[in-house]
1. Residue 4 - would you say it is over 21 Å from residue 99 (Cβ atoms) and either surrounded by fewer than 16 Cβ atoms within 10 Å (Cβ to Cβ) or in contact with a helix residue (DSSP H, G or I) (Cβ under 9 Å, 6 or more places away or on another chain) (or both)?
2. I'm checking my understanding of the structure. Among residues of the range 1-27 that are touching a strand residue (DSSP E or B) at 6+ places or on another chain (Cβ under 6 Å) and farther than 25 Å from residue 57 by Cα, which one is modelled with the highest pLDDT?
3. Could you please let me know if residue 102 is in a loop (DSSP other than H, G, I, E, B) and at pLDDT below 85?
4. Taking the options 23, 81, 94, name whichever one is part of a helix (DSSP H, G or I), out of contact with any helix residue (DSSP H, G or I) (no Cβ under 8 Å at 6 or more places or on another chain), in contact (Cβ under 8 Å) with a residue 24 or more places away in the chain and loosely packed, with under 12 Cβ neighbours inside 10 Å.
5. State yes or no: is residue 66 surrounded by fewer than 16 Cβ atoms within 10 Å (Cβ to Cβ), modelled with pLDDT of 85 or more and assigned to a helix (DSSP H, G or I)?
6. I'm trying to understand the selection: among the residues of the range 26-45, which are crowded, with 16+ Cβ neighbours inside 10 Å, touching a helix residue (DSSP H, G or I) at 6+ places or on another chain (Cβ under 9 Å) and not in a loop (DSSP other than H, G, I, E, B)?
7. With respect to residue 55, is the statement that it is without any contact (Cβ under 8 Å) to a residue 60 or more places away in the chain, assigned to a loop (DSSP other than H, G, I, E, B) and farther than 22 Å from residue 9 by Cα true?
């Protein structure tokens, strides 16, 4: 399993652990903007680590405990620059609604 840490936009203090595909692992690095599935929907974030290969078992369990994460890990969906403008706007509006409430004019 490939995992890496991501800091979500607007959250300067916390890094979250995400799973990433073999294909994405070859293209991402710290500072790269990505889109992640979260428990609140899709969100933008910035990688804070290189992908790490972790085998199922004790190593994975220790990493999850240290990071405060749980299985199943949410996934990095894609690199943010690869999104069409309409999809970037939809994700940004969804994030604003979550943070500010549903009474927004759009």
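1. On the way: over 21 Å from residue 99 (Cβ atoms): yes; either surrounded by fewer than 16 Cβ atoms within 10 Å (Cβ to Cβ) or in contact with a helix residue (DSSP H, G or I) (Cβ under 9 Å, 6 or more places away or on another chain) (or both): yes.
Yes.
2. For the range 1-27, the residue satisfying everything is 7.
3. Details: in a loop (DSSP other than H, G, I, E, B): yes; at pLDDT below 85: yes.
Yes, satisfied.
4. Working: 23 fails: in contact (Cβ under 8 Å) with a residue 24 or more places away in the chain; 94 fails: loosely packed, with under 12 Cβ neighbours inside 10 Å.
Checking each option against the conditions leaves just 81.
5. Working: surrounded by fewer than 16 Cβ atoms within 10 Å (Cβ to Cβ): yes; modelled with pLDDT of 85 or more: yes; assigned to a helix (DSSP H, G or I): yes.
When the stated conditions are applied, residue 66 passes them.
6. Of everything in the range 26-45, those that are crowded, with 16+ Cβ neighbours inside 10 Å, touching a helix residue (DSSP H, G or I) at 6+ places or on another chain (Cβ under 9 Å) and not in a loop (DSSP other than H, G, I, E, B) turn out to be 33, 34, 35, 42, 43, 44, 45.
7. Numbers: without any contact (Cβ under 8 Å) to a residue 60 or more places away in the chain: yes; assigned to a loop (DSSP other than H, G, I, E, B): yes; farther than 22 Å from residue 9 by Cα: yes.
Yes; evaluated as a whole, the condition is true for this residue.
The values are calculated or read from the model by the stated rules, or taken from the named source; none is laboratory data. All values derive from a computational prediction rather than experimental measurement. Cβ sites come from the backbone with ideal geometry, for glycine too, and all protein chains shown count toward neighbours.
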